[in-house]
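Colleague: Here you go, one structure.
The values are calculated or read from the model by the stated rules, or taken from the named source; none is laboratory data. The structure displayed is predicted, hence computed values, not measured ones. Don't worry about glycine lacking a Cβ; one is built from the backbone with ideal geometry, like all the others, and counts go over all protein chains shown. With ligands, DNA and RNA removed, areas are computed over all heavy atoms of the protein, side chains included. Shrake-Rupley method; radii C 1.70, N 1.55, O 1.52, S 1.80 Å.
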Amino acid sequence: MRIAIIGGGIAGLSAAYELEKARAAGAPIEYTLFEARERLGGSLASEIVNGAVIEQGPDSFLTEKPAAAELCRELGLGEDLLPSNDAARKTYIVVHNRLIALPDGLMFLVPTKLIPTALTRLFSFSTKIRMALELLHPPRPSGLPDEAVAALVERHFGAEAVDRLADPLLSGIYGGDSAALSARTVLPRLVEMETQYGSLTRGMLAAHRQMRARAKAAAKNNGHSKSAAPPAPRPIFTALRGGMQQLIDALVARLRPDSVRLATPVSAIAKTADRWTVTAAGAPESYDALIIASPAWAAGTLLAPVDAALGEELSAIPYSSSITVNLVYDEAKLGPLPDGFGFLVPAVEGRAMLACTFVHRKFLGRTPPGKAVFRAFLGGIRNEALLTDTDEALVAIVRRELGEILGDKTISLATEPDHAQVARWRRAMAQYAVGHQERTARIAARVAVLPGLRLVGNAYDGIGIPDCIRLGRQAARELTAISPSVSASGS
C-alpha cells in the first residue's frame, strides 16, 4: 500500500512515524511525506542561544492530553519532559497599564471563590454583583443553536468579564476573537453546565467536588490511608528540556530519509476509481491513500477539483496569524519583576502585544542563571498588519510596551537585550468559529465518500500539539487497518 502525506508539521510527522512503525513491523507499506518548506516541524521550532532555550512557536503542551507525552516517551524523550513551575504560577491582566493578578479560585472563566472575587481590582463593583447573582441563573434549554463565547460569558457575567477575562484568555490560546469563537467547540463543558445547572459557578463547583471525590476513591482503591497526603497534582503544561525541536528531531530520525521530500510543494491531487494522483515538482505519482496534514485553506485548494463542496468547506475555516518576539536580558540590568508566568493584554487596551511570558519562570532549567527571557505574542485575528513590519520595528514595539506595562524601574528603553528573535506564522492557527462543529460534520461526511482520504491538523478537533499528534497517528492506524486485499494492491 502506498500512502502520501502532504504537510510535514507535527500532525504529518506523527502520521509518518506511525506508518514507519507499521512498515518496520512487516506491513506492506510505502509512504512519502511532501513538505513545501525546507524544514520539517511546522510551527514547532526552537534553538539554544547562549544556553537559553528559545521557542519560535509553541513552547509546551497541555499535560492533561496524553498523546504528546506518550509519543515523547516512545521516542526516548521521557527523561527530558519538563513540568511547568506551577508553584510560581500567577497570571496578570493588563488594565490601564497596571498588572492585576487573576483572582484565586478562577477556574478558567468562572469565579468559584467569593472573597478573592470580591477583593480583586480586575472587575468593577457592578460586575462583582453580577457574578454573585449568577448563582441564580436558570438552566438554558438544550439543542439551541451555537453561539459565540462572548455571548455566553456576557449572559452570565457581563461585558466587562468578556473584555478583561474571556477575550485575553482566548486570544492567548487561539489568537482569535471571543465574539467569533464557537462556545460549543471552545467551551463545551460550560455549555453543558449551563444546560444542567444554569449557573456556571454552581456547575464548576459541582465538577470540582466530583473530581475530589474521584481522587479520594482512587486513593482508597490504591491502598492509601485516609490520612495519607493526596497525590501531587499534575503540572498544567509540559515542555521538553531542550525545546520542542527535540520532538521534531526525534521523529525525523525515525523516518526513512528517502521517504521525505523537503522543498517539494504539492501542486495538484486527483482521484480515480481507487487511487490518488499527487503531483509535485511537475511529476504525478499514484497512491492508494492520502493524508492531508496541511492547513485547511491549503487542503481546500487541493481538494476543490476532486470535490468542490469539500474544498469550499475547508477554505471557509478562518485562520489567524501570529508573531513571537523573544528577548533575552541580563537580569542584573533589570529591576524586580512581578511574580508569576507573565501577563495577558485585553484588546480594549489597544496594544500590539497580546501576551508576554516570563519564560525563565515558567520552565525552570531552560534559562542560564542570571538571564531572563521574555516571549511576547503579537498579531492575532485583529492585527494581521503587523506581519509586514520589520523585525527591528517589532522588537522596538515590544520593548516599548514592556517598559510601559512593567515600568521603567523594571525595564527601560535604554536596557538593550542580549538577544532578540522574531518569528512570523502566517495563517497558522485555525479559528473555531460559531458553527464549527456543524462544519466539521459536513467535512467528515464528504471525506467519508472519498476512500483512502484523511484530513489531520489543528483545524478539526483540537488546536494543540497533543490533538495534532493524536489525529495524525489515528489517521495512519486507520489506513494501515484496511483489509489485506486492498493493501496488497499497491504494495
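Colleague: Inside segment 47-62, can you point out the residues that are over 26 Å from Glu478 (Cα atoms) and either free of Cβ contacts under 8 Å to residues at least 40 places away in the same chain or open to solvent by 20 Å² or more (accessible area, probe 1.4 Å) (or both)? Talk me through it step by step, then tell me what you get.
Modeller: Taking segment 47-62 first, the residues over 26 Å from Glu478 (Cα atoms) are 47-60.
Passing the criteria: Glu47, Ile48, Val49, Asn50, Gly51, Gln56, Pro58.
Colleague: Given the conditions (1) modelled with pLDDT under 95; (2) in a helix (DSSP H, G or I), report the number of the one that Cys468 does not fulfil.
Modeller: So Cys468 meets the others, but not (1).
Colleague: Related question: Does at least one position in segment 53-65 carry a residue that is more than 26 Å from Arg375 (Cα to Cα) and touching a strand residue (DSSP E or B) at 6+ places or on another chain (Cβ under 8 Å)?
Modeller: Taking segment 53-65 as the starting set, the residues that turn out to be more than 26 Å from Arg375 (Cα to Cα) are none.
No: segment 53-65 contains no residue that is more than 26 Å from Arg375 (Cα to Cα) and touching a strand residue (DSSP E or B) at 6+ places or on another chain (Cβ under 8 Å).
Colleague: Which one of Ile248, Ile269 is hydrophobic (A, V, I, L, M, F, W, C), touching a Leu at 6+ places or on another chain (Cβ under 8 Å), crowded, with 17+ Cβ neighbours inside 10 Å and in a strand (DSSP E or B)?
Modeller: Working: Ile248 fails: in a strand (DSSP E or B).
None of the other options fit; the residue is Ile269.
Colleague: Something else about it: Touching a residue at least 60 places away in the same chain (Cβ under 8 Å), under 20 Å from the mean Cα position of the chain (by Cα) and more than 25 Å from Thr357 (Cβ to Cβ): does that describe Gln431?
Modeller: Details: touching a residue at least 60 places away in the same chain (Cβ under 8 Å): yes; under 20 Å from the mean Cα position of the chain (by Cα): yes; more than 25 Å from Thr357 (Cβ to Cβ): no.
In short, no.
Colleague: Here is a further query. Tally the residues that are part of a strand (DSSP E or B) and within 16 Å of Thr324 (Cβ to Cβ), restricting the search to segment 334-371.
Modeller: Of the residues in that region, 9 qualify.
Yes/no matrix, rows are residues, columns are (1) exposed (fewer than 14 other Cβ atoms within 10 Å of the Cβ); (2) touching a residue at least 60 places away in the same chain (Cβ under 8 Å); (3) hydrophobic (A, V, I, L, M, F, W, C):
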| residue | (1), (2), (3) |
| --- | --- |
| Ser322 | no, yes, no |
| Asp339 | yes, yes, no |
| Leu354 | no, yes, yes |
| Gly365 | yes, yes, no |
| Ala385 | yes, no, yes |
| Leu406 | no, yes, yes |
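Colleague: Okay, moving on. When you look at Lys21, is it basic (Lys, Arg) and part of a helix (DSSP H, G or I), yes or no? Steps first, please.
Modeller: Numbers: basic (Lys, Arg): yes; part of a helix (DSSP H, G or I): yes.
Spelling it out, Lys21 is indeed basic (Lys, Arg) and part of a helix (DSSP H, G or I).
Colleague: List the residue pairs whose Cβ atoms are under 7 Å apart, where the first residue sits in segment 168-184 and is farther than 18 Å from Glu438 by Cα, the second is surrounded by 24 or more Cβ atoms within 10 Å (Cβ to Cβ) and of a type in the set (D, E, K, R), and the two are 6 or more positions apart or on different chains.
Modeller: Going by the 7 Å Cβ cut-off, the qualifying pairs are Ser178/Asp167.
Colleague: So which residues in segment 136-156 are of a type in the set (A, V, I, L, M) and open to solvent by less than 10 Å² (accessible area, probe 1.4 Å), if there are any at all? Spell out how you get there, then give the answer.
Modeller: Residues of segment 136-156 that are of a type in the set (A, V, I, L, M), as a first pass: 136, 144, 148-153.
Hits for segment 136-156 are Val149, Leu152, Val153.
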